[in-house]
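The values are calculated or read from the model by the stated rules, or taken from the named source; none is laboratory data. This is a predicted model, so every value here is computed, not measured. Using ideal geometry, Cβ is built from the backbone for each residue, glycine included, and neighbour counts are taken over all protein chains shown.
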Amino acid sequence: MCGRLALRWILMFDAVTCAIPGAKRPAQVEENVRASDLPPLSEAEMGKVREVYDRKIHELVHQPW
């Protein structure tokens, strides 16, 4: 479920036209596809995910230019 939730979060952004997650097994592909079936995240849920992203991930993926 965490993978599907992460993909659903990514797909919530208008600038994102697709997400290309990795998969080693057919079952993983099916799980990834089901992410688009999840209901949209609420503003509160988006805010909570953003807090975690800003606190734990942003610095690792957004290098200073």
Could you say which residue among 36, 42 is surrounded by fewer than 10 Cβ atoms within 10 Å (Cβ to Cβ) and of a type in the set (S, T, N, Q)?
42
If residue 6 satisfies all but one of (1) at pLDDT below 90; (2) more than 13 Å from the chain's Cα centre (by Cα), what's the number of the condition it fails?
(2)
Scanning the stretch 1-11 residue by residue, the ones that are farther than 10 Å from residue 38 by Cβ and surrounded by 10 or more Cβ atoms within 10 Å (Cβ to Cβ) total 3
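Residues checked against (1) of a type in the set (Gly, Ala, Ser); (2) part of a helix (DSSP H, G or I):
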{"position": "8", "(1), (2)": "no, yes"}
{"position": "14", "(1), (2)": "no, no"}
{"position": "23", "(1), (2)": "yes, no"}
{"position": "32", "(1), (2)": "no, yes"}
{"position": "41", "(1), (2)": "no, no"}
{"position": "50", "(1), (2)": "no, yes"}
{"position": "53", "(1), (2)": "no, yes"}
{"position": "60", "(1), (2)": "no, yes"}
{"position": "63", "(1), (2)": "no, no"}
Taking the stretch 13-28 and keeping residues surrounded by 13 or more Cβ atoms within 10 Å (Cβ to Cβ) and either within 18 Å of residue 46 (Cα to Cα) or aliphatic (A, V, I, L, M) (or both) leaves 19, 23
